[in-house]
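One structure is given here, and the rest of the page talks about it.
The values are calculated or read from the model by the stated rules, or taken from the named source; none is laboratory data. Owing to the predicted nature of the structure, the values given are computational and were not obtained by experimental measurement. Positions of Cβ are backbone-derived with ideal geometry, glycine not excepted, and every protein chain shown enters the neighbour counts.
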Amino acid sequence: MTTTENTGRPFNLPEYFLLLALDSGGRFRVTEHDVNMGLAGAVLADLARRGRIVVTKNRVEIAEDPASILDAGDAPEGWQPENALEHPLDRVLSLMNDAPEPMDAEQWVNRLATRQLREVVVEALVERGAIQVKQIRRFGLLKRTRHFKNETFYELDLKVRLGVVMNREEPLDLVTWPLLSLMHVTGLLERLSPESRRPKITDLLKEKYESLESAQEKSIYESLHAVENAISEQLVATRGGPSGLNA
């Protein structure tokens, strides 16, 4: 099912991730840093999903011919290779094209994981009527920004789809796979679904990684793996020990 509210296009992966990261009180379920890392990975994964970039272990390159990467079975629902990209995906692709030298996916994750990216995705969701941004006074003095969701059928549908794939009733697809992976490595999955079992999800994702076939899937995998590496390295740097992400 596609999500076309107000714009005529589906929700993209960064928009879905941000919606999932918000609780009913308009607060983020995980730290802003983890939200930013997840959004950066979602941007890369979405560009790979639509055949716009080719991601390998060592570099991210602009795809010269997206149509050659996406065949009829690989194209995301509602998307075609000739479709124009929306903001911020179009801006990120432009940055990649203008980069003086190639960068790997982890470098792009670290570069993109900013408050600016998060605010652009928030603006897109506001325009679509999916959230409302409000300033809430705390103790009558301090203002706090809250992002209140206008819960839609599409978000509820996504949560059902995620539950179905976690229960292995349906295979992972080009939406549920990237989102589940990003939720897993950022800690969002445990906040959103405390009953989820880490080994079970790890096994599910591992099986997906071991069955990659298309160039599109391999680029998505490298994008997601870059987020895990970036988070792991930062945890080691700040805590001085292993992150446990691969446990």
List the pairs whose first member sits in the stretch 188-200 and is under 15 Å from Val165 (Cα atoms), whose second member is surrounded by fewer than 16 Cβ atoms within 10 Å (Cβ to Cβ) and among the small types (Gly, Ala, Ser), and whose Cβ atoms are under 8 Å apart, counting only residues at least 6 apart or on separate chains? Ser193/Gly163; Arg198/Ala247
Residues in the stretch 81-132 that are assigned to a helix (DSSP H, G or I), acidic (Asp, Glu) and free of Cβ contacts under 8 Å to residues at least 12 places away in the same chain total 4
Of the residues in the stretch 144-157, those that are part of a helix (DSSP H, G or I) and either of a type in the set (D, E, K, R) or at pLDDT 90 or above (or both) come to Glu155, Asp157
Within the stretch 195-206, the residues that are under 20 Å from the mean Cα position of the chain (by Cα) and either under 13 Å from Trp177 (Cβ atoms) or not in a helix (DSSP H, G or I) (or both) are Ser196, Ile201, Leu204, Leu205, Lys206
Would you say Val185 is among the β-branched types (Val, Ile, Thr), surrounded by fewer than 16 Cβ atoms within 10 Å (Cβ to Cβ) and assigned to a helix (DSSP H, G or I)? no
The residue from Ala124, Ala105, Ala84 that alone is modelled with pLDDT of 95 or more and of a type in the set (Gly, Ala, Ser) is Ala105
Looking at the stretch 17-59, which of its residues are buried (at least 24 other Cβ atoms within 10 Å of the Cβ) and among the acidic types (Asp, Glu)? Asp46
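Could you name every one of the helices (runs of 4 or more DSSP H) located completely within the stretch 1-69 that has at least 2 residues being closer than 23 Å to Arg128 by Cα and modelled with pLDDT of 95 or more?
Values: elements: 13-21, 32-49, 66-69.
So the answer is 13-21, 32-49.
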Filter the stretch 23-51 for residues that are among the β-branched types (Val, Ile, Thr) and touching a residue at least 60 places away in the same chain (Cβ under 8 Å); which is farthest from Ala84 (Cα to Cα)? Val30
Could you check how many residues of the stretch 226-243 are touching a Ser or Thr at 6+ places or on another chain (Cβ under 9 Å) and modelled with pLDDT of 90 or more? 4
